Amino acid sequence: MTAGVPNLELNTGADIPQLGFGTYKIVGGDAKTPVAEAIAAGYRHIDTAALYQNEESVGQAIAESGIPREEFFITTKLWNTDQDRAEAAFEESLQRLGLDYVDLYLIHWPCPERNLYVSAWKALEKINESGKAKAIGVSNFLIEHLERLFAETSIVPAVNQIELHPAFQQKDITDFCHANDIQIEAWGPLGQGKYPLLETPAITDIAQQHQKTAGQVVLRWHIQRGNIVFPKSTSAERIVQNFDIFDFELSAEEVAVIDALESNKRLGHHPNEWN
Ligand code: NAD
């Protein structure tokens, strides 16, 4: 789909660009410029959500790019408080985006205490059948939540978008998803800048070897691990930098060095404690 960016195949048969642009916390009109810069840099996969309050700006940047809609891969998400009105919330998202369809629509969090994610998933199945969401998936789902979907609904999610970075690799969920033909999308791929991941000597040493930045090395690690990533940045320089990760390769030893940084360091909410 995008020059240089490999595609992975979803269980629908559709391709998804393995690298995209994340938009969390770029609120409202502030999102239009960075999204336009990302599109100019070559990104064609954009990850947004109703929660982020920037769907209008994402849609405007797409429209103003002049690039045909079908060259983009656009994801948005159902917010937690809308799990009991998924079809209406989806239409509102489409309207804000100014699009006829999205490529992927996700349940943002399972919110198990509210016990609505199974019925919300059934609504997403209807949206998928309508053709307005080419694929449907989930986010922040644990194995137990996926198993309930398998038992009680008909469509297997195309992706599970979970917190994943070198200090929190979620091997169990990743292995379970891959065994069930569900692609893994890694949110917070750079550790959200919340812990000094990018200053870790193991990473800066590898970066120096390849004449790349620490951020590029971590993104490259995700790519070689088979994760789909969409780093977020509002800096034009970093937007370009984060896209420039397809002209080098980490050795198996370097991948293993980064694998060894696992420290079970969760940055976001635990999915069972966020309702
Ligand atoms: P991220 O790991 O992409 O980190 C973003 C931070 O890293 C930014 O503050 C930026 O300043 C910094 N950064 C970006 N590029 C850099 C570089 N090359 N060098 C140094 N620093 C750099 O975190 P994120 O934005 O939380 O995650 C990526 C995307 O995942 C989000 O934008 C959003 O689209 C999605 N997301 C989804 C969920 C979910 O619950 N499904 C939660 C969080 C994020």
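Sorting LEU190, LEU267 on the 10 Å Cβ count, fewest up front, what's the list?
So the residues, fewest neighbours to most, are LEU267, LEU190.
Hey, what did region 10-71 get for relative contact order, percent, Cα under 8 Å, at least 6 apart?
For region 10-71, the relative contact order is 38 percent.
What are the residues whose amide H is under 5 Å from the amide H of TRP187, where those residues sit 5 or more places off or on another chain and H is modelled from the backbone?
Excluding prolines and chain starts, which carry no amide H, the hits are ILE162, GLU163, LEU164.
Calculate, in nm to one decimal, what LYS265 and GLN211 gain on full extension: separation in residues at 0.36 nm each, minus their alpha carbon distance.
That works out to 16.6 nm of additional length.
I need to check one value: relative contact order of the chain, counting alpha carbon pairs closer than 8 Å and at least 6 residues apart, in percent.
Computed value for the chain: 19 percent relative contact order.
Where does the chain land at 222 nm, in deg cm²/dmol rounded to the nearest 500, when only DSSP H runs of n ≥ 4 count, each adding -39500 (n - 2.57), divided by all residues?
-11000 deg cm²/dmol
Using a simple charge model, +1 on the beta-carbon of Lys and Arg, -1 on the beta-carbon of Asp and Glu, nothing else, what dipole does the chain show about its Cα centre, in debye to the nearest 20?
So the magnitude is around 400 debye.
What length, rounded to one decimal in nm, is gained on full extension from ALA236 through to ALA252, with 0.36 nm per residue of separation minus their alpha-carbon distance?
Result for the pair: 2.6 nm of gain on full extension.
With a length cut of 27 Å (Cα positions projected on each helix's long axis) and a Kyte-Doolittle mean of at least -1.0, go through the chain and give me the DSSP H helices that pass.
none
Counting only DSSP beta bridges with both residues in the chain, tell me the antiparallel percent, nearest 5.
The antiparallel proportion sits near 20 percent.
Taking θ as phi - 60°, what are the ³J(HN,Hα) couplings along region 190-198 by the Karplus curve (6.51, -1.76, 1.60), each to the nearest whole Hz, with x for Gly and Pro?
Computed from phi, the couplings for region 190-198 are 9, x, 6, x, 8, 9, x, 3, 6 Hz.
Here, each number is a calculation from the coordinates, and none is a lab measurement. Here the structure is a predicted model, which means the values were calculated and not measured. Neighbour counts are summed over all protein chains in view; Cβ atoms, including those assigned to glycine, are modelled from backbone coordinates with ideal geometry.
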